[in-house]
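Data first, discussion second: the structure below is written as structure tokens.
The values are calculated or read from the model by the stated rules, or taken from the named source; none is laboratory data. Computed from a predicted structure; not experimentally measured. Quick reminder, even Gly has a Cβ in these numbers, built from the backbone with ideal geometry, and neighbours come from all protein chains shown. Heads up: the accessible areas ignore ligands, DNA and RNA and are worked out on the full protein's heavy atoms, side chains in. Shrake-Rupley method; radii C 1.70, N 1.55, O 1.52, S 1.80 Å.
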Amino acid sequence: MCAALAKVFAVTALRRWIAFSAPVLYSYFRSSCSWRVRIALALKGIAYDQAPVNLVKDGGQQLSPDFCSVNPMQQVPALKIDGVTLSQSLAIIEYLEETRPNPRILPQDPKKRAQVRMISDVIASGIQPLQNLTILQQVGEKKLEWAQHCISRGFKALEQILQETSGRYCFGDEVSMADLCLVPQVYNAERYKVDLAPYPTLRRINKALLELEEFQTSHPSRQPDTPPELRA
């Protein structure tokens with residue numbers, strides 16, 4: 001009986017420790033996928049610790065055995081939270097939404113929720129993976145042209161979608177998961193010198209979102225691992 005009680009107390013203590021431990025975000029300051037999660041954490045008021053993973057230094061710290069044990073895909077972000085380690089930014093964001101639903105970043109109506117997910121996936125699956133670091137390293141000398149082509153092609157479709165769905169933000173007048181994907185992707189577009197003039201709806205929404213504190217504090221220029229010359 002005493003041994004059984006001791007086990008129960010130990011399990012209870014472990015659960016409490018997990019519950020009160022700050023989440024840990026494995027992140028890179030300029031990773032657009034990491035930025036999505038930083039915005040979500042900020043919007044939901046979740047305090048967390050950062051473990052920077054430099055995607056360039058030492059040949060890419062994400063390739064190290066230590067980080068591979070955190071995320072076998074060797075990508076950021078990864079989030080340790082509630083006793084589980086999650087990877088893939090949209091999966092992380094949806095977990096945060098399901099476990100900490102206020103403020104909501106996904107509509108409750110099924111059709112509206114599907115539309116927000118659609119916009120998010122256009123960016124997270126249809127644009128960003130084609131111009132991420134791994135792909136550009138394989139492309140080589142023409143990486144700028146490749147990135148511009150992939151982003152411009154995706155933005156052409158996205159502009160058309162947003163003309164139908166947007167209010168102040170991507171979907172109506174409330175910040176949603178789609179907005180968390182949009183702003184980092186526009187940042188990437190600016191890095192790769194994409195002409196944004198053909199996308200007035202996209203530019204208007206991005207400007208409105210960057211006025212919000214949560215998007216500012218999570219910005220790549222304000223992270224613990226931001227190089228001094230890139231700090232805001």
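Of all residues in region 197-208, which are assigned to a helix (DSSP H, G or I) and of a type in the set (Gly, Ala, Ser)?
208
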Within region 83-90, is even one residue among the polar types (S, T, N, Q), more than 15 Å from the chain's Cα centre (by Cα) and closer than 23 Å to residue 48 by Cβ?
yes
Residues located in region 96-134, provided they are of a type in the set (D, E, K, R) and farther than 21 Å from residue 185 by Cβ
98, 100, 104, 109, 111, 112
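From the list 158, 144, which residue is buried (at least 17 other Cβ atoms within 10 Å of the Cβ) and either assigned to a helix (DSSP H, G or I) or not charged (D, E, K, R) (or both)?
Working: 144 fails: buried (at least 17 other Cβ atoms within 10 Å of the Cβ).
When all the criteria are applied, what remains is 158.
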Pairs, first over 16 Å from residue 126 (Cα atoms) in region 157-180, second surrounded by 13 or more Cβ atoms within 10 Å (Cβ to Cβ) and among the aromatic types (Phe, Trp, Tyr), C-beta under 9 Å, six or more apart:
165/171; 175/169; 175/215; 176/169
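From 116, 183, 175, 194, grab the single residue that is closer than 21 Å to residue 90 by Cα and outside any helix (DSSP H, G or I). If you could, list the steps in order and put the result at the bottom.
Numbers: 116 fails: outside any helix (DSSP H, G or I); 183 fails: outside any helix (DSSP H, G or I); 194 fails: closer than 21 Å to residue 90 by Cα.
The unique qualifying residue is 175.
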Among the candidates 173, 179, which residue alone is under 16 Å from residue 116 (Cα atoms) and in contact with a Gly (Cβ under 7 Å, 6 or more places away or on another chain)?
173
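I'd like the full set of residues that are open to solvent by less than 10 Å² (accessible area, probe 1.4 Å) and assigned to a helix (DSSP H, G or I), limited to region 209-226.
Initial filter on region 209-226 (open to solvent by less than 10 Å² (accessible area, probe 1.4 Å)): 209, 215, 218, 220, 223, 226.
Matches in region 209-226: 209, 215, 220.
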